[in-house]
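Encoded as structure tokens, the structure appears first; notes follow it.
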Amino acid sequence: MTELHAKVLVIEDEPQMQKFLRACLSAEGYRVVEALTGKEGLDLARTHNPDLVLLDLGLPDIDGTEVTKSLREWMTKPIIVISARGQEDDKIRTLDLGADDYLTKPFNAGELMARIRAALRRTSRAGQDQPDPILMVGDLLIDLENRRVMRDGEEVHLTPNEYKLFAYLMKNAGKALTHRQLLKEVWGPAHATQTQYLRVYMVQLRHKLERDATRPRYLVTEPGVGYRLKG
Ligand code: CA
């Protein structure tokens, strides 16, 4: 599957937004399937087996978080959530339930396309029989087999937890990761709410990996949500 021929299921009840999304996606060569309600979206996901789902959180029938939950029972393809301001809690809950990314209204076509491309790239990489043990983002490199990290050709020494955190961010490059996801991954489920751990470790990682730790180029904060390793 090439990114350009990917099929996108759009679940969105507002006609204006639906129209905007259809125009953006078609112009870039994506095939579009549209649903106006959560129920219809769930049905179409089964019958059309889309490569990616764009899901509005504010739907007239089923809550977007519920739609995500149902989709995640069987579907592994990326879900990008579209939220309005004031839906912060729902947005985070949806990411915790397995959505890949989010866009907050209003957003522009360029932003939307970049998120979609990144999400599809991640899936096609994850689908390889032998995933590449070496991941690169800009001048950052991680060798997952030998547990080595390089910045601009120079080896960087990370502590075990720093390494775990950085490896998880690199494997999910471009994706918004919630505090809860990161904490569970590195420290375990019992520590899912200890966001102060994360803050400390992110500061350390930035000092080791960023040129200017106060203005990170890669390890960026997603306000109120968590962090993202920017691709
Ligand atoms: Ca809506």
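The values are calculated or read from the model by the stated rules, or taken from the named source; none is laboratory data. Since we're looking at a predicted model, the values are computed, not measured. Using ideal geometry, Cβ is built from the backbone for each residue, glycine included, and neighbour counts are taken over all protein chains shown. Calculation scope for accessible area: heavy atoms of the full protein, side chains included, ligands and nucleic acids excluded. Shrake-Rupley method; radii C 1.70, N 1.55, O 1.52, S 1.80 Å.
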Looking at Arg206, Arg199, can you tell me which residue is in the same structural domain as Val220 (by TED's automatic domain parsing) and open to solvent by 60 Å² or more (accessible area, probe 1.4 Å)?
Arg199
Can you name the residue in region 1-19 that is touching a residue at least 60 places away in the same chain (Cβ under 8 Å) and more than 12 Å from the ligand (Cβ to nearest atom) and, of all such residues, is farthest from the chain's Cα centre (by Cα)?
Met1
Filter result for the condition that a residue is more than 19 Å from Tyr102 (Cα to Cα) and either in contact with an Asp or Glu (Cβ under 7 Å, 6 or more places away or on another chain) or aromatic (Phe, Trp, Tyr) (or both), over Pro78, Pro15, Pro60:
Pro60
Suppose the filter is among the acidic types (Asp, Glu), surrounded by 15 or more Cβ atoms within 10 Å (Cβ to Cβ) and more than 22 Å from Tyr227 (Cβ to Cβ); does Glu73 pass it?
no
Among the residues in region 86-101, are any more than 23 Å from Leu183 (Cβ to Cβ) and open to solvent by 30 Å² or more (accessible area, probe 1.4 Å)?
yes
Run Ile142 past the list (1) in a strand (DSSP E or B); (2) of a type in the set (A, V, I, L, M); (3) in the same structural domain as Glu14 (by TED's automatic domain parsing) and report the number of the one that doesn't hold.
(3)
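Residues checked against (1) at pLDDT below 95; (2) within 19 Å of Glu222 (Cα to Cα); (3) not β-branched (Val, Ile, Thr):
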| position | (1), (2), (3) |
| --- | --- |
| Glu34 | no, no, yes |
| Thr47 | no, no, no |
| Asp61 | no, no, yes |
| Ser83 | yes, yes, yes |
| Asp90 | yes, yes, yes |
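Is it the case, given these coordinates, that Asp132 is charged (D, E, K, R), surrounded by fewer than 18 Cβ atoms within 10 Å (Cβ to Cβ) and under 23 Å from Gly226 (Cα atoms)?
No: the conditions fail for Asp132.
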The number of residues in region 20-39 that are open to solvent by 40 Å² or more (accessible area, probe 1.4 Å) and more than 16 Å from the ligand (Cβ to nearest atom) is 6
Of the residues in region 215-231 that are assigned to a loop (DSSP other than H, G, I, E, B) and modelled with pLDDT under 95, the one that is surrounded by the fewest Cβ atoms within 10 Å (Cβ to Cβ) is Pro223
